[in-house]
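Undergrad: To start, I am sharing the structure in question, which I have written as structure tokens.
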Amino acid sequence: MSKPTKEDASLLLQLMTVLKADKDALDWFVEEFDEKNYDDFKAKYPKGSEGYRNFMIFAGNGELIGTLVNKELLSEDLIFDLWGSLLWEKVEPIAHGMRKDLEMPRLFENFEVCAKKYPMWAEKNPPKV
């Protein structure tokens, strides 16, 4: 893992500006979303609903971050130090159900791959306080 650069920091700040436009979806996901399986998700948030849209925005942003990290265009050190596992654990059961239902086996795969790197990173980077 290479040391984060000023370019990484600049890209992260640009990314945060983009993500800020989706703040409502992030707030909803963090504060309200609590579905544990895909069938319950589909029943509560059908396609076209605000909840479905918010989920897709949040997971899409996770996929964007994961792609940049996995392609080594953005430092995983910066991402994990700032956001941890990116809340993949809340997305995972829904994403896996969507993959099967939509027949899209690669849906949100970069988000998942990136988040699964987090435990190794956390082991090498204990809490600072």
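Undergrad: Which of the pairs Lys3/Lys124; Lys47/Lys100; Lys44/Lys71; Lys3/Lys128; Lys20/Lys124; Lys47/Lys71 have their Cα atoms more than 24 Å apart in this structure?
TA: In this structure, Lys44/Lys71; Lys20/Lys124; Lys47/Lys71 lie more than 24 Å apart at Cα.
Undergrad: Let me ask you something else. If packing is taken as the average count of other Cβ atoms within 10 Å, what order do 51-61, 4-14 fall into, highest mean first?
TA: 51-61, 4-14
Undergrad: A further question follows. Helices from the chain with mean Kyte-Doolittle at least -0.5 and a Cα length along the axis of 20 Å or more, per DSSP H: which?
TA: Span-like helices in the chain: 6-20, 50-70.
Undergrad: Taking R0 as 25 Å, what FRET efficiency do you get between Lys71 and Val18 from their Cβ-Cβ distance, rounded to the nearest 0.05?
TA: 0.90
Undergrad: Taking the beta-carbon count within 10 Å as an exposure proxy, list Glu123, Glu35 from fewest neighbours to most.
TA: Values: Glu123 8, Glu35 18.
By the 10 Å Cβ count, ascending: Glu123, Glu35.
Undergrad: Apply the Karplus parameterisation 6.51 cos²θ - 1.76 cosθ + 1.60, with θ equal to phi minus 60°, to every residue of region 38-46 and state each ³J(HN,Hα) to the nearest whole Hz, in sequence, with x for glycine and proline.
TA: Once rounded to whole Hz, the list reads 5, 4, 5, 4, 4, 5, 7, 10, x.
Undergrad: Residue separation times 0.36 nm, minus the C-alpha to C-alpha distance between His96 and Glu32: what's the value?
TA: Working: separation 64, 0.36 × 64 = 23.04 nm, distance 2.03 nm.
Length gained, His96 through Glu32: 21.0 nm.
Undergrad: Moving to a separate point now. Contour minus end-to-end for Glu103 and Val129, with contour as 0.36 nm per residue of separation and end-to-end as the Cα-Cα distance?
TA: Values: separation 26, 0.36 × 26 = 9.36 nm, distance 4.44 nm.
Taking 0.36 nm per residue and subtracting the Cα distance, the gain is 4.9 nm.
Undergrad: Turning to a different aspect of this structure: Could you tell me the calculated FRET efficiency between Arg53 and Trp121, based on Cβ-Cβ distance and R0 = 22 angstrom, to the nearest 0.05?
TA: On the way: r = 31 Å, r/R0 = 1.40.
With a Förster radius of 22 Å, E is 0.10.
Undergrad: If each of Lys44 and Thr5 carries a label point 7 Å out from its Cα toward its Cβ, how far apart are those two points in nm?
TA: Between Lys44 and Thr5, the simple spin-label model gives 4.3 nm.
Values quoted throughout were computed directly from the atomic coordinates according to the rules given, and no laboratory measurement underlies them. Quick caveat, the model's predicted, so the values are computed rather than measured. Please note: Cβ atoms are built from the backbone with ideal geometry, for glycine as well, and neighbour counts cover all protein chains shown.
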